[in-house]
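Notes for the one structure printed next.
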Amino acid sequence: MLPIEAHDISFRVRYGETDPMGIVHHAQYFAYFEMGRMELFRAQGGDYRDMEARGYLMVIVRAECDFKKPARFDDVLMLRTRVLKLSPAKLEHEYTLSRGQELLARARTVLACITRDGQVQRISEEVLFGQATV
């Protein structure tokens, strides 16, 4: 099974995600990107809880974000999450966060699959996409 190329989610900025000026705090963007990854994973049949129970843990090894314009309290945002690269032990995503037609941020993350003791391990597509029991 090939991964879904892209997945979109829409959400509203909550008050607690902003600073005293009503602008989304920069660290919150990475929580949004995690939300995008999880929803993309679910959309393609993945079950993160089950994957972790089988001993496959995904950790961020690189994260970068180019902030273009600020998001503000009560904005309705659209997050597009795309899989850029899938290898036996790594997964790279790209994110675009927008408000209407305005690009607010573009980001990338690289995740590595590790064992519970921190060793890099291969992950099968069956586990990654929730297709079979390992």
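In table form, for the structure just shown:
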read-out: Residues being buried (at least 17 other Cβ atoms within 10 Å of the Cβ), aliphatic (A, V, I, L, M), at pLDDT 95 or above and not in a loop (DSSP other than H, G, I, E, B) - total across the stretch 1-49; value: 1
read-out: In the stretch 20-66, the residues that are under 13 Å from the mean Cα position of the chain (by Cα) and of a type in the set (Phe, Trp, Tyr); value: Tyr29, Phe30, Tyr32, Phe33, Phe41, Tyr48
read-out: Residues satisfying the stated conditions in the stretch 91-127, i.e. part of a loop (DSSP other than H, G, I, E, B) and touching a strand residue (DSSP E or B) at 6+ places or on another chain (Cβ under 9 Å); value: Gly100, Thr115, Arg116, Gly118, Gln121, Arg122, Ile123
read-out: Residue check for Glu52: assigned to a helix (DSSP H, G or I) and exposed (fewer than 15 other Cβ atoms within 10 Å of the Cβ); value: yes
read-out: Residues located in the stretch 65-74, provided they are under 17 Å from Arg12 (Cβ atoms) and not in a loop (DSSP other than H, G, I, E, B); value: Arg72
read-out: Residues of the stretch 73-128 satisfying the condition of being more than 14 Å from Tyr32 (Cβ to Cβ), of a type in the set (Asp, Glu) and touching a residue at least 24 places away in the same chain (Cβ under 8 Å); value: Asp74, Glu102, Glu125
read-out: Residue selected from the stretch 99-116 under the condition crowded, with 18+ Cβ neighbours inside 10 Å and not aliphatic (A, V, I, L, M), by the criterion farthest from the chain's Cα centre (by Cα); value: Cys113
read-out: Residue in the stretch 75-90 that is in a loop (DSSP other than H, G, I, E, B), among the aliphatic types (A, V, I, L, M) and modelled with pLDDT of 95 or more present; value: no
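The values are calculated or read from the model by the stated rules, or taken from the named source; none is laboratory data. None of these values were measured; they are calculated from a predicted model. Note that we place each Cβ from the backbone using ideal geometry, even for glycine, and neighbour counts take in every protein chain shown.
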